[in-house]
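Heads up, the thing below is written out as structure tokens.
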């Protein structure tokens with residue numbers, strides 16, 4: 001199955017088969033894909049929390065307006081943002097960069113100072129919005145990778161962030177949940193799998209300028 005066929009196969013799964021669990025090998029590949037997602041400045045102000053605990057998933061369902069995908073999914077991927085994108089966070093990024101790249105350390109330090117100055121000038125809300133945009137980049141990547149891996153998924157914004165934060169105790173790690181992605185295998189009686197995908201005509205959504 002090539003990538004276009006995989007994307008045509010994908011849909012927002014409304015009902016998972018809760019008797020099927022995604023194997024660890026696929027979960028590791030999905031997590032690796034998350035880590036390889038492009039982010040602004042390469043700072044990765046995001047973290048992925050992988051939930052495979054039915055009791056927690058039931059609580060998360062209540063905080064997600066009772067959407068059953070959250071409780072019946074094999075795993076729920078919680079895309080979070082870092083609450084503290086500050087000098088310490090950026091310095092840690094520069095340190096990691098220098099460990100992975102043996103040359104150009106002066107340039108890396110200089111770039112780190114530029115980033116520190118840039119983020120010191122941003123308000124907390126501006127930084128939060130910026131970080132949230134990076135989570136959406138990661139979500140798009142995860143949806144594609146899940147499709148290639150034949151793992152069903154359902155991206156979700158419909159939940160109460162503060163309640164998810166409390167259930168998963170995300171504050172302890174200075175994180176805030178911004179997106180949910182239940183994943184698993186579609187149930188045979190999920191009627192959403194049988195309806196045609198609705199998209200605008202290609203020539204209506206793509207404009208080529210020569």
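Observations, loosely collected:
- Hits in the range 1-40 - residues which are surrounded by fewer than 17 Cβ atoms within 10 Å (Cβ to Cβ), within 18 Å of the chain's Cα centre (by Cα), assigned to a helix (DSSP H, G or I) and touching a residue at least 24 places away in the same chain (Cβ under 8 Å): 7, 29, 40
- Scanning the range 166-206 for residues that are in a loop (DSSP other than H, G, I, E, B), touching a strand residue (DSSP E or B) at 6+ places or on another chain (Cβ under 7 Å) and under 28 Å from residue 18 (Cα atoms) yields 168, 185, 187.
- Being farther than 27 Å from residue 49 by Cα and in contact (Cβ under 8 Å) with a residue 24 or more places away in the chain is a condition met by no residue of the range 131-144.
Residue by residue, here is whether (1) in a helix (DSSP H, G or I); (2) surrounded by fewer than 18 Cβ atoms within 10 Å (Cβ to Cβ); (3) within 12 Å of the chain's Cα centre (by Cα) holds:
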position	(1), (2), (3)
126	yes, yes, no
131	yes, no, yes
135	yes, no, yes
146	yes, no, yes
158	no, yes, no
162	yes, yes, no
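- Taking every residue in the range 153-176 that is at negative phi and free of Cβ contacts under 8 Å to residues at least 40 places away in the same chain and pairing it with any residue that is buried (at least 18 other Cβ atoms within 10 Å of the Cβ) and in a loop (DSSP other than H, G, I, E, B), at least 6 positions away or on another chain, yields no pair with a Cβ-Cβ distance below 8 Å.
- Members of the range 42-55 that are out of contact with any strand residue (DSSP E or B) (no Cβ under 8 Å at 6 or more places or on another chain) and buried (at least 16 other Cβ atoms within 10 Å of the Cβ): 43, 44
All of the numbers you see were taken from the coordinates with simple rules; none came from a lab. Just so we're clear, the structure is a prediction, and the values are computed from it rather than from any experiment. Cβ atoms come from the backbone with ideal geometry, glycine included; neighbour counts cover every protein chain shown.
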